[in-house]
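Step one of this worksheet: look at the structure below.
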2 protein chains.
Amino acid sequence: MRKKITLKQIARELDVSVSTVSKALSGSKEISEDTTQKIQAFAKLYNYRPNNIALSLKNRKTKTIGILIPEIVHHFFSTVIRGIELIANRRGYNVIVGLSNESFSKEIINMEMLANGSIDGFILSISKETLLKQDYHHFNATINQGIPIVMFDRVVNEVNCDKVIVDDFNGSVKAVKKLIENNCKNIALITTMDYVSVGRLRTQGYIEALEEHKIFADSNLILKIDDSLDVENHLEVLENEIERFFKTNNTIDGVFAVNELYAVTAMKVARKLGLSIPEDIQVIGFTDGVLSKHATPSLTTVSQHGQKMGEQAANLLIDRLEAIDSESDQYIVNDNPKHDFIKIVIETELIERESTK
Amino acid sequence: MRKKITLKQIARELDVSVSTVSKALSGSKEISEDTTQKIQAFAKLYNYRPNNIALSLKNRKTKTIGILIPEIVHHFFSTVIRGIELIANRRGYNVIVGLSNESFSKEIINMEMLANGSIDGFILSISKETLLKQDYHHFNATINQGIPIVMFDRVVNEVNCDKVIVDDFNGSVKAVKKLIENNCKNIALITTMDYVSVGRLRTQGYIEALEEHKIFADSNLILKIDDSLDVENHLEVLENEIERFFKTNNTIDGVFAVNELYAVTAMKVARKLGLSIPEDIQVIGFTDGVLSKHATPSLTTVSQHGQKMGEQAANLLIDRLEAIDSESDQYIVNDNPKHDFIKIVIETELIERESTK
């Protein structure tokens with residue numbers, strides 16, 4: 001039997017990007033006619049089999065859910081997977097996990113691999129690079145091929161599908177209000193770059209809470225960490241950045257950090273600078289992971305209920321899959337823009353521990 | 001097209017276990033002839049396609065590695081996956097992750113699903129339930145079908161394949177010797193039940209280190225935690241057990257714990273009982289995870305170099321896959337018991353931090 005050629009190999013042979021190949025094969029108008037023809041001819045020659053076999057195999061249910069997450073060393077994503085698994089097992093489905101490693105082309109490659117008959121539908125969270133590029137053609141192509149997607153946490157409006165999100169905005173309003181009520185006068189924010197949607201929403205929540213209390217949101221008190229580069233000594237860089245930030249803003253008496261690593265590192269730096277927590281400086285994080293519970297002092301944090309998110313996402317996907325089963329062959333989503341997609345918003349909860357008064 | 005029936009469905013229909021179905025289909029002598037015939041007939045009737053299609057599709061390389069791990073919420077396994085990915089990507093392979101959730105039948109179901117044409121070979125760590133049952137037929141059946149396996153961390157002698165292990169025994173000797181040199185007189189061990197091979201080896205290392213120093217290994221100083229039940233309030237149960245243990249053995253001045261969760265929880269309980277670390281009690285863990293680095297005091301620990309394990313495992317598997325490619329069709333492992341399987345032992349390293357003097 002002939003070797004099966006992959007998107008990646010086609011891209012390498014023709015010296016174009018995986019994304020260009022993927023778009024050309026799905027007939028996207030973004031790619032020039034010339035390039036499209038060249039890619040399609042090459043794919044045909046080498047017997048490339050696109051995923052739309054999925055449609056014709058509609059009745060060949062795999063009873064497997066494909067999960068695609070940006071990174072594996074991440075407690076939040078682990079708890080979401082646990083939630084998905086719990087429901088999947090209960091409802092007779094298996095799960096399989098692919099990793100995008102925050103990379104756009106790995107996301108495409110993984111989707112292509114899994115969609116190729118291994119899974120019935122996807123539950124996924126978008127990679128940082130994809131969000132930065134704002135290129136979502138692979139999600140829409142997958143949906144058009146009859147494979148439903150449920151997105152969680154990092155979602156975008158540009159894709160019509162079921163979504164499960166955390167109320168990032170209000171979670172962060174709650175956290176900052178808590179610091180204000182606890183008499184913090186100079187509340188700093190440690191956040192991500194704006195292209196990460198959850199970071200952006202949490203930043204907006206911080207500003208909203210301050211404005212509601214007529215406090216001026218001083219941009220000097222906002223530290224945006226660029227962790228798009230997965231550098232070897234990431235932790236050290238983070239620590240140095242926060243230390244410099246604290247030294248140039250030595251009136252800070254409250255910190256809201258958009259994830260637990262930033263929060264725990266802020267506590268470490270504060271201790272190093274001789275500050276007591278919560279006496280001199282109060283700290284609140286986001287995400288109730290392993291670190292928050294076991295830190296000393298333990299960290300007050302906004303819980304995202306990752307497991308619950310996973311459970312809801314799995315129920316949405318399986319409901320959708322079973323609805324397709326019971327319908328006839330008419331499930332072509334994008335032909336019907338009014339298709340009732342569901343967006344579930346999970347309420348956050350402020351878990352108070354020792355890092356606040 | 002006809003629906004594809006799964007092992008699980010056959011098991012449910014015939015009211016037998018997944019393992020029985022799996023064994024009957026691979027012609028195992030353990031299953032009665034009657035049952036085997038019934039299962040094989042049923043499988044044939046419903047068009048069940050066993051994995052040995054993999055053999056006939058030898059040239060249809062997927063360039064994908066299947067990783068099968070016992071649990072996802074576990075920093076050590078995450079770092080191994082990171083190592084596997086690093087090498088896999090460098091050598092042109094993709095990875096896909098299945099989860100056994102420490103369950104024997106889920107391990108079988110996942111292997112069957114992935115082996116069904118999605119992957120070229122496996123890198124896996126055995127589930128606790130499988131170790132407890134000592135039933136490894138599914139690994140051998142997979143290898144016999146021409147799909148190579150590399151096992152890491154939790155491995156068994158009963159399966160002939162490449163393996164990557166940590167030197168658990170010597171890692172634990174190192175840790176306990178450190179406590180002895182630091183003048184601990186009553187060194188406790190917090191470990192798992194014996195059927196978990198790594199826990200057993202670490203326990204043996206503890207005893208060895210004591211005996212080398214002519215110290216009597218008092219069984220009262222060994223606490224074995226049964227975490228086979230994934231109970232809701234697992235952390236609380238663990239904390240209570242350790243507290244009871246410390247109270248009935250109030251001369252303990254050194255603790256070696258076989259994982260970082262036990263170690264960090266021991267530190268928490270010690271603090272609660274008014275003990276100072278490292279002044280009154282010194283603590284060493286195993287696995288250099290997120291908790292060890294960020295705990296207060298930070299935890300002295302035996303690093304397993306998870307990422308390095310993953311890198312070695314990936315290189316072993318890909319070397320094996322490419323050797324199969326370059327050989328003819330003669331790669332039937334179990335016909336040749338002297339086939340040169342490789343066992344790589346990763347040396348551990350004691351990382352000294354604040355929890356020891």
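Could you pull the accessible area for B:HIS213 with a 1.4 Å probe, rounded to 10 Å²?
Here the residue's solvent-accessible area equals roughly 80 Å².
Would you work out which of A:ILE222, A:GLY117, A:ALA24 lies farthest towards the positive end of the dipole of chain A? Charges go on Cβ: Lys and Arg +1, Asp and Glu -1.
Towards the positive end, the residue furthest out is A:GLY117.
For chain B, list the DSSP H helices whose alpha carbon atoms reach 15 Å or more along the long axis and whose average Kyte-Doolittle value is -0.5 or above?
Taking the DSSP H segments of chain B (at least 15 Å long, mean hydropathy at least -0.5), we get B:75-90, B:104-115, B:168-181, B:260-272, B:306-326.
Compactness ratio of chain A: Cα Rg over 2.2 N^0.38 Å, N = residue count?
Ratio of Cα Rg to 2.2 N^0.38 Å: 1.11.
Residues of region A:273-290 with backbone nitrogen within less than 19 Å of a virtual label 7 Å along the Cα-to-Cβ line of A:LEU350, please, listed as ranges.
A:277-289
How many nm is it between the label spots at A:ASN250 and A:GLU211, if each spot is 7 Å from the Cα in line with the beta carbon?
If labels sit at A:ASN250 and A:GLU211, their model points lie 3.3 nm apart.
In peptide B:94-102, what is the residue-averaged number of other protein chain Cβ atoms found within 10 Å of each Cβ?
Average per residue, whole number: 6.
Return the lysines within reach of A:LYS247: Cα separation strictly under 29 angstrom, same-chain partners fewer than 8 residues apart disregarded; answer none if there are no such residues.
Straight-distance partners of A:LYS247: A:LYS174, A:LYS177, A:LYS178, A:LYS185, A:LYS214, A:LYS224, A:LYS268, A:LYS272, A:LYS293, A:LYS357, B:LYS293.
Please state the shape class of region A:65-204: rounded when a/c is under 1.5, otherwise prolate if a/b exceeds b/c and oblate if not, all from the C-alpha gyration tensor.
Judged from the Cα gyration tensor, region A:65-204 comes out prolate (a/c at least 1.5, a/b above b/c).
Tell me, what % of the accessible area of chain B is carbon and sulfur with a 1.4 angstrom probe?
That fraction is 46 percent.
Between B:ASN182 and B:ALA323, take the C-beta separation as r, use R0 = 60 Å, and let me know the FRET efficiency to the nearest 0.05.
0.80
Rounded to the nearest 0.05, what FRET efficiency is calculated for B:HIS137 and B:VAL73 with R0 set to 25 Å and r the Cβ-Cβ distance?
0.30
Using a 10 Å cut-off around each Cβ of peptide B:63-73, what is the average number of partner chain Cβ atoms that fall inside?
Average neighbour count from other chains, rounded to a whole number: 4.
Size of the dipole of chain A about the Cα centre, Lys and Arg at +1 and Asp and Glu at -1 on the beta carbon, nothing else charged, in debye to 20?
Here chain A has a charge dipole of around 960 debye.
Can you give me the solvent accessible area of A:VAL290 with a 1.4 Å probe, rounded to the nearest 10 Å²?
50
In whole Å, what are the extents of region A:168-304 along the principal axes defined by its C-alpha atoms, from largest to smallest?
The principal-axis extents, from largest down, are 41, 34, 29 Å.
I want the antiparallel fraction of DSSP beta bridges within chain A, as a percent rounded to 5.
10
Given the C-alpha centroids of region A:159-227 and region A:258-275, what is the distance between them in whole angstrom?
Here the two parts' Cα centres lie 17 Å apart.
With the label 7 angstrom out along Cα to Cβ, how close does A:VAL237 come to the same site in each of the other copies, in nm, nearest first?
Ordered by increasing distance: 4.2 nm.
Given 0.36 nm per residue, what is the gain on full extension from B:ASP226 to B:TYR46 after removing their alpha carbon distance, in nm?
Length gained between B:ASP226 and B:TYR46: 60.7 nm.
Mind telling me which of A:GLY146, A:GLY274, A:GLY306 comes out most flexible in a GNM of chain A, alpha-carbon contacts under 10 Å?
Per the Cα network of chain A with a 10 Å cutoff, A:GLY274 tops the list.
Take the alpha carbon atoms of region A:84-119, find their center, do the same for region B:77-124, and report the distance between the two centers in whole angstrom.
Between the Cα centre of region A:84-119 and that of region B:77-124, the gap is 12 Å.
Taking the full set of protein chains and a 1.4 angstrom probe, give the accessible area of B:ASP120 in square angstrom, rounded to the nearest 10.
20
Roughly how many Å² is the accessible area per residue of chain B, as a whole number, for a 1.4 Å probe?
43
Relative contact order of region A:1-49: what whole-number percent is it, with Cα pairs under 8 angstrom and at least 6 residues apart?
41
Under the classification rounded if a/c is under 1.5, otherwise prolate if a/b is larger than b/c and oblate if not, where does region B:1-49 fall, given a ≥ b ≥ c as square roots of the Cα gyration tensor eigenvalues?
prolate
With +1 on each Lys and Arg Cβ and -1 on each Asp and Glu Cβ, how big is the dipole of the protein assembly as shown about its Cα centre, in debye rounded to the nearest 20?
1520
If each label sits 7 angstrom from Cα along the C-beta direction, how far apart, in nm, is B:ASP280 from its counterparts in the other copies?
2.7
Suppose a student asked you for the relative contact order of chain B, using Cα pairs under 8 Å spaced at least 6 residues apart; what percent would you report?
Reported as a whole number, the value is 19 percent.
List the residues of region B:7-35 whose backbone N lies under 19 Å from a point placed 7 Å from the Cα of B:VAL156 along the Cα-to-Cβ direction.
B:17-32
Expressed as a fraction of 2.2 N^0.38 Å, the rule-of-thumb size for a compact globular protein of N residues, what is the C-alpha radius of gyration of region A:128-172?
1.26
Determine the relative contact order of region B:168-304: mean sequence separation of Cα pairs under 8 Å and six or more apart, normalised by residue count, in whole percent.
25
Once the other residues with Cβ under 14 Å from the Cβ of B:GLU243 are scored (Lys, Arg +1; Asp, Glu -1), what is the net sum?
Every neighbour counted, the sum reads +2.
The values are calculated or read from the model by the stated rules, or taken from the named source; none is laboratory data. This one's a predicted model, so the numbers in the text were calculated from it and none came from an experiment. Note that each Cβ is placed from the backbone with ideal geometry, even for glycine, and that neighbours are counted across all protein chains shown. Ligands, DNA and RNA are excluded from the accessible area calculation, which covers all protein heavy atoms including side chains. Shrake-Rupley method; radii C 1.70, N 1.55, O 1.52, S 1.80 Å.
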